[in-house]
Amino acid sequence: DPGVCRAACTVAGQTGNPQFVQPLLDIIAAEHNEWLLREATGAAWKLNAGFPLLDTWADRLNEEKLYYQAFDTLVTVMDFTSRSGGGRTDLSRGERLALRKAWKKFLARHEKEIRAGKRFATNDPAITTNLFGRARCWDLPDGTRWPPDQ
């Protein structure tokens, strides 16, 4: 039952016990209920799942109904002064697969930095538009849009 699972995720996150990280990641890796995934993700954050949580969500970028939710977690590696913006919810399978490939490559290249708590600015050379495609864009305080080719 998704409601019972959500409640269990909430309790797991409140315990502070890192033993629950892997079961939470297993939920994120396999389930499809949006509310359950949100609860498991929130609990995993509370338990400092960090890089493994990002990596698990990157694996789900190819899924039509989940890539937008995956981005909610993945963009936490970005250091934005603005969280407003938007994105597309109609990406093709090819676009979703390309995003997953780009993020898996980015995470592999920058794992040590991410584990150390680095957040990447939009002008960081590591942050390329292929990480976002048409899926996400942001309105910056100076009135510009990022990525610029959106």
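Tabulated data
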read-out	value
Mean Cα-pair separation over length for the chain, i.e. relative contact order, pairs under 8 Å, 6 or more apart, %	21 percent
Spin-label model distance (nm) - Asp26 vs Lys105, 7 Å beyond Cα toward Cβ	3.3 nm
Accessible surface, the chain, averaged per residue in Å² (probe 1.4 Å)	55 Å²
Rounded to whole Å, sorted largest first: equivalent-ellipsoid semi-axes of segment 87-150, Cα gyration tensor	20, 18, 8
Interchain or long-range residues, amide H under 5 Å from Phe120's placed H	Met78, Asp79
Relative contact order [Cα under 8 Å, 6+ residues apart], segment 5-47, whole percent	56 percent
Accessible area of the chain belonging to carbon and sulfur atoms, whole % at 1.4 Å probe	51 percent
Inter-label distance, nm, simple model (7 Å from Cα along the C-beta direction), Thr128/Asp90	2.8 nm
The chain, helix-only ellipticity at 222 nm - DSSP H runs n ≥ 4, -39,500 (n - 2.57), divided by all residues, nearest 500	-15500 deg cm²/dmol
Gain upon complete extension [Asn33, Arg145; 0.36 nm per residue less C-alpha separation]	37.1 nm
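The values are calculated or read from the model by the stated rules, or taken from the named source; none is laboratory data. For clarity, every value in this text was computed on a predicted model and none was experimentally measured. Because the Cβ atoms are built from the backbone with ideal geometry, glycine has one as well, and the counts that use them run over all protein chains shown. Just so you know, the surface numbers come from the protein's heavy atoms only, side chains and all, with ligands and any DNA or RNA stripped out. Shrake-Rupley method; radii C 1.70, N 1.55, O 1.52, S 1.80 Å.
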